[in-house]
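Working notes, beginning with the structure itself.
Quick note: the coordinates plus some simple rules give every number you see, no bench work behind them. Everything quoted here is computed from the prediction, not taken from an experiment. Every residue, glycine as well, gets a Cβ built from its backbone with ideal geometry; the counts of neighbours run over all protein chains shown.
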Amino acid sequence: MRDSAVEPFPPWGVAHAVSRLRTQRLARSAKPFLARGGPRGERCPGCRLVPSHCICALRTCLPTHAGVCLLMADIEPLKPSNTGWLIADTVQDTFAFGWARTEVDPALLALLTDPHWQPYVVFPGEFVASERVVTQLPVATPESPAARRPLFVLLDATWPEARKMFRKSPYLDRFPVLSLQSEQISRYRLRRSRRDDHFCTSEVAALCLELAGDSLAAQTLDAYLDVFTHHYLQAKHQLPPDLDSPAHVRIQALRSGVASGL
């Protein structure tokens, strides 16, 4: 980690990168975005769940060695089921940009050329020239310290959209592609996928953080996704959340460890 400061209970008055991107996207919408549940579906502005199932009190924002850069398809910031939001809740150095084929945010280009960061585009290696593919990160040693922090560039979109974004973003072509080799099965249940090895954005970020040595952040993000999924589905079926579920027990244990400085 870059420092020992931990912010387990941050004020919600400070918007993170995905929240700001959502606000920008709403400001240029010609008509209101209506999530499932209809126009009267009230949602918490902090976690996007219905107020009775709010999880804002469980948010734990952590400093990490690695950073995450989200390139988000047009309406991803607006979707209540989007898990890039959970990454920004958990990882202090999360950046978020909207993706467009014909223009690139200058702030994104500046971030990608910042000498403090080493960008890695996270994408399956089978779709990339082999010379660009890496499966591990450089290991820092006293003789060879890592000069730059890893910055994981995640394409936050449906799989067809992500493939299009990858092909049509030439400014990413000069960076290595990190191809994850996980054997685990996705636990994400809020959108349909035909393959169990297609991970949601939050799961991908957790795998990347683990590779970078940010194990506490990876575990916290995984637990936070499980809690979010549980509350989301319970609200969908008009059932109360089980506050004693394994997911809640796990995240409370992690939060206790963070608060005590472990």
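Is region 61-138 rounded, prolate or oblate when judged by the Cα gyration tensor, a ≥ b ≥ c being the square roots of its eigenvalues, rounded requiring a/c under 1.5 and prolate requiring a/b larger than b/c? Judged from the Cα gyration tensor, region 61-138 comes out rounded (a/c under 1.5).
Determine, for each peptide in 103-113, 219-229, the mean count of other beta carbons within 10 angstrom over its residues, then list the peptides with the highest first.
Working: 103-113: 12.9, 219-229: 23.5.
Top of the packing list down: 219-229, 103-113.
Spin-label model, Val128/Lys168: points 7 Å from Cα along the beta carbon direction are separated by 2.1 nm. Whole-Hz Karplus values for region 62-73 come out as 10, x, 9, 6, 8, x, 10, 10, 9, 9, 9, 4 Hz, taken residue by residue from phi with 6.51 cos²θ - 1.76 cosθ + 1.60 and θ = phi - 60°; glycine and proline positions read x.
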